[in-house]
Amino acid sequence: MAMPFSSFSVFAISCNFIFLLLINHHHLAIGAEIPTTLEGPFPPVTVPYDVSLRGTAVDIPDSDPRVRRRVGEFEPEQISLSLSATYDSIWISWITGEFQIGDNIKPLDPESVSSIVHYGTSRNSLSHEATGYSLIYNQLYPFKGLQNYTSGIIHHVRLTGLKPSTLYYYQCGDPSIPAMSDIYTFSTMPVSGRHNYPNRIAVVGDLGLTYNTTTTVSHLISNKPDLVLLVGDVSYANLYLTNGTGSDCYACSFPQTPIHETYQPRWDYWGRFMQNLVSKIPMMVVEGNHEIEEQAGKQTFAAYSSRFAFPSEESGSSSSFYYSFNAGGIHFIMLGAYISYNRSAEQYKWLERDLASVDRSVTPWLIAAWHPPWYSSYEAHYREAECMRVEMEELLYSYGVDIVFNGHVHAYERSNRVYNYTLDPCGPVYVTVGDGGNREKMAIKHVDEPGYCPKPPTTPDPYTGAFCATNFTFGPATGKFCWDQQPDYSAIRESSFGHGILEVKNETWALWSWHRNQDSRSKVGDQIYIVRQPDKCPVHNRLPKRWFASY
């Protein structure tokens, strides 16, 4: 005998029926139908490369007024926002004082300037005050001919007790100097719940600071996002000598120096350029390979870990390399590919705990992001993150991750739903958006094209240096390292600069749109409704016993 529907089931079906009617009306209105993942998997598509797109992959010079310092000595600059783990808290960051670079640098005293934010729901009444902490970081190269760097004073202040979906006004700085910023605004995320979502989430990777970057950011701003995800490779400061001279080749850079240099002022230029966006819209960042920036004493990630605020502690993480947060009914998990991720590592154990704590009745959508993609058919970085995939994929799949965002490969690619290289209706949709505008070469070669399949020893894992990628033992590529044709997991790929916008409509439907820089702002290069099917793809509420077998 059939089981009766619960009142919730009837309500959910009614909501989805109404939404489908709205979608159909939308299709009729624009004269074109937007596909859904329910109709997939789709035959692979490759959009031909437009050779004219390489022309503006040139860095903005330090003389450009958009990256010059425009404030007084201790007035705030490079102001940015980032979310805490939940809607009622947000981080505000800024820098005071000028950086120094040279042989005889004298670090500023972080205690010399206070970290204070005045805020409220009215421009004329910033009645609340929050205090935070400050720091500086150094990039040191104790070798002849290389210049050392010390940052300005970096401030991080966490605001708490905020109301959901509310516009706040704020001013940051030190009122005792006085050195306060202009008044800016931000809006908090909606309260977590299956009916509450931010309107638009922008996703971009491998941004850099080129003229392409400026187009990407301009188009992104015109799409009016409520949140920005930056999936690694931020400023590309490590493509410069410490004297400010650029290098066009990461692998062959700086052969005459004892350490791979990085010109830290590019971080300050990037922060100044981005302030117009990120002082109003929160941006969540995860590290990429260009953030490693090794210096004296083998210290790494100094700029990344110092300049951004992360909800690590709030989400139970002990590291800025991995953390999680909620944005309405979405739970985001940001993972680190350049820190230990095997099953005995702290990151993996944190991921287990975090996934097990997610209540899908409150945050139905589960989205993960990290830098190097697991599923990419481009020659660049092909199967480079295979060790990470082998360790983590089953865990993410078992908890029903819906979408994965990556960068690293400087092109666009969206997958069909896939798990372990096999089409799977319950697997995530993987989206590579490493096309934000960086100055490195665009990825245009595909491994299924004759002569472009790399040899396994040329694809080491970016963190461990191990070779986990071997010849396939199943499927269409059995016995081979690459497919002979565009893989069936690859739905569409195109070498163009751009950014993406995710609009979650309800607990099962989300619209993904990818915008190319060369198009008008209203046009999309790729668009699809990503549809969750929780009835067909049940998720674990807690870890299966087999996960504990290895401990």
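The values are calculated or read from the model by the stated rules, or taken from the named source; none is laboratory data. Nothing here was measured: the structure is a model prediction, and the numbers come from that model. All Cβ positions, even for glycine, are placed from backbone atoms using ideal geometry, and neighbour counts span all protein chains on display. SASA here: full protein model, heavy atoms, side chains in, ligands and nucleic acids out. Shrake-Rupley method; radii C 1.70, N 1.55, O 1.52, S 1.80 Å.
Reducing segment 76-103 and segment 330-386 to their Cα centroids gives an inter-centroid distance of 26 Å. The residues packed around residue 300, meaning those with a beta-carbon under 11 Å from its beta-carbon, carry a net charge of -3 if Lys and Arg are +1 and Asp and Glu are -1. Listed cross-link partners 505/536; 163/523; 349/536; 163/224; 163/505 are compared with a 31 Å cut-off, the Cα-Cα value being larger for 163/523.
Report the local net charge at residue 530: Lys and Arg +1, Asp and Glu -1, summed over other residues whose C-beta lies under 11 Å from its C-beta. Overall, the nearby charge balance is +2. Does segment 49-160 come out rounded, prolate or oblate by the C-alpha gyration tensor, with a ≥ b ≥ c the root eigenvalues, rounded set by a/c under 1.5 and, if not, prolate when a/b is larger than b/c and oblate if not? Oblate, because a/c is 1.5 or more while a/b does not exceed b/c.
The stretch between residue 455 and residue 359, if pulled fully straight at 0.36 nm per residue, gains 30.3 nm over its current Cα-Cα span.
Here the peptides 98-110, 294-306 are ranked by packing, the mean other Cβ count within 10 Å, and the order with the highest first is 294-306, 98-110. Subtracting the Cα-Cα distance of residue 424 and residue 484 from their residue separation scaled by 0.36 nm leaves 19.5 nm. If you take the alpha carbon atoms of segment 456-546 and fit the smallest convex hull around them, that volume is 213 Å³ per residue. Scanning the chain for DSSP H helices at least 30 Å long along the axis (C-alpha atoms) with a Kyte-Doolittle mean no lower than 0.5 picks out 7-30. Taking the average, over residues, of other Cβ atoms within 10 Å as the packing measure, peptides 494-505, 400-411 rank 400-411, 494-505 from highest down. Per-residue accessible area (protein heavy atoms, 1.4 Å probe) orders 158, 516 as 158, 516, starting from the largest.
Candidate values (1) 23.6, 71; (2) 32.8, 124; (3) 23.3, 83 were compared with Rg and Dmax of the Cα atoms in Å computed on the shown model; the agreeing label is (3). Annotation: peptides 241-247, 203-209, ranked by per-residue average of other Cβ atoms within 10 Å with the highest first, follow the order 203-209, 241-247.
Other residues whose C-beta falls under 14 angstrom from the C-beta of residue 484 contribute a net charge of -2, scoring Lys and Arg +1 and Asp and Glu -1.
If one computes the Cα centroid of segment 439-485 and of segment 285-299, what distance in Å separates the two points? If you average the Cα positions of each part, the centres end up 25 Å apart.
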